[in-house]
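Chemist: The structure is given below, and queries will be raised subsequently.
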Amino acid sequence: MTVAPLARTRSFRPSRTDIPQSPNSNGDSPIFILPNEIFCSIFIHARNASLVSGFFSLTARTQEIIISHVCGLWRSIALNYPSLWDTIRYGTPRSSKIKVKDRFAAYIERSGNNLLDIWLNFRGDYRNVRLEDHKTMFAVLLSEVERWRRVTILLDANLHWPEICHNLQDLHVPNLEHFTLCTDHVARSRYITSSPTLFKAGTPYLRSVRLTTEDYKRSLPSLRAITTLRLETWATSSGVWVSLSTVIDVLAIPCLENLSIAGIQMSEPMNVDNRTKNIKATKLKDFRCASDSVVELMELIQMPSLSILTLRNVKFPVLSSKSAPQLTELILVNCQVSWNAFHDDLFHLSSKITHLTISEDSGGTFRKHAVDDFLMNNGWPQLQSLRCNIQPESRVEFYLQLALDQPFVVYVHQNLLDMWAERSPDLLVFIDGKCILQSFDSDRSPLIPWQWPYSDDPLYHPFDRLDSDPFRVASYH
């Protein structure tokens, strides 16, 4: 299927003369004499504010639907403003009264010729109540392929994902920029390669791809021009095996800036030869990794542009001074770390870190070595913030040792600050002006940002609680 690309625009400004006044619009009120452009801006702001709040579903009416029901004038403006309807977020509703097919079709129609940003979470329909609805919605989505801009599809075992992948194989998707396909599926084949299987007719604007490791073999578009790749397992999977050459091929993607890997292991021992000695990820800036074998390979990778490194459940690698010379932000989640190494072999690394985040369960070592090894000899001279999520440690004295007379800010969960204010008010008075303790909050200001890449706009890369992220961290306090 080949279609001509649409004009890459998302703006629409209806003329006021095109929108009739309703006799029930309270037109004498001062607010109703505003130009339509102002109404449109207000409507878009209200919709966007609700989208970036974090969680969404169709269990309640969306902001744009509420706006369209206020009065006749607002409804006329809203229904004639395609940009208000070109961003669709769907989560399986609990109520059987919601007509999801009709609502989805209405969004598609009202969005006119605009490019579409669509997040479809088909998970949670455990009794197949919505199975036929979801199949119909996917068929409608498929008929609008020329308008796809950002598309996320989350599936469970009820929808036949091989059939869906088959329908996507030979498509030409002229405006697609971001694509996610994640299924709750355990792959029969535990080995994957890097040969494209989707959108074989072309995706000229595709820059961002997210797949689960189980779907990588059957759900892979071309990665030649992408800047962001998420290849991650879902929570209950044991992961899949990949060859060393596949990992090298991924790292060698010319434009790759953001890479997230979890749930894969290399299927062969790592031999240091000419190919592994010359691995260069020239443009890689943000790297998340929860794979032991890939972390071992990091010692041989040159990442001259890397600025943010997130590691989870791995042993911290011995990075050379050439591995990541621009690294300034380090996020460690339940990692094995020799903290005294940052004053010796890894001082070239710690001396440039400005932001450090540490999250550890009861088996972590930071609380045991923080004072003696972490703070010794000014080993982190550029550090501006230290964010802590240490499971066994809730004593204010521990964090005072970290924060007193230090140039950096120590962040802890707001619950700890509230507890200390109640139980140790004298200590908090004592530290006033001597150190800086600030808070993070699980929902509004989490330890680690919900969206990834961390610099991305959450409006375009949203999340919900049903979507598993292997790097998501819950506060221990």
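Chemist: Length gain on complete extension for the stretch residue 268 to residue 344, per 0.36 nm per residue less the alpha carbon to alpha carbon distance?
Modeler: Result for the pair: 24.2 nm of gain on full extension.
Chemist: Assuming 0.36 nm per residue, please report the length gained on full extension of the stretch residue 384 to residue 423 beyond their Cα-Cα distance.
Modeler: Net length gain for the segment: 11.2 nm.
Chemist: Among 101/285; 135/283; 280/352; 285/368; 280/315, which pairs are too far apart, with a Cα-Cα distance over 30 Å?
Modeler: 101/285; 135/283; 285/368
Chemist: By how many nm would the segment from residue 101 to residue 34 lengthen if fully extended, with 0.36 nm per residue of separation less the alpha-carbon distance?
Modeler: On the way: separation 67, 0.36 × 67 = 24.12 nm, distance 3.45 nm.
Taking 0.36 nm per residue and subtracting the Cα distance, the gain is 20.7 nm.
Chemist: Oh, and also: Which peptide among 221-228, 111-118 comes first, and what is the full order, when sorted by highest mean count of other Cβ atoms within 10 Å?
Modeler: Order by mean packing, descending: 111-118, 221-228.
Chemist: When the distances between all Cα atoms of the stretch 74-143 are binned every 10 Å from zero, what whole-number percent does each bin get?
Modeler: Calculated over all Cα pairs of the stretch 74-143, the distribution is 19, 50, 26, 5 percent.
Chemist: Also, I was wondering about something else. Place a label point 7 angstrom from the Cα of residue 454 along the Cα-to-Cβ direction, then list the residues of the stretch 242-266 whose backbone nitrogen is under 20 Å away.
Modeler: So the set is 256-262.
Chemist: Can you work out the FRET efficiency for the pair residue 369 and residue 415, with r the C-beta to C-beta distance and R0 = 22 Å, to the nearest 0.05?
Modeler: Details: r = 25 Å, r/R0 = 1.13.
The pair residue 369/residue 415 has a calculated efficiency of 0.35.
Each value in this text was obtained by applying a stated rule to the coordinates, not by laboratory testing. The shown structure was predicted, so the numbers you read here are calculated from the model rather than taken from an experiment. Every residue, glycine among them, receives a Cβ derived from its backbone with ideal geometry; neighbour counts consider all protein chains shown.
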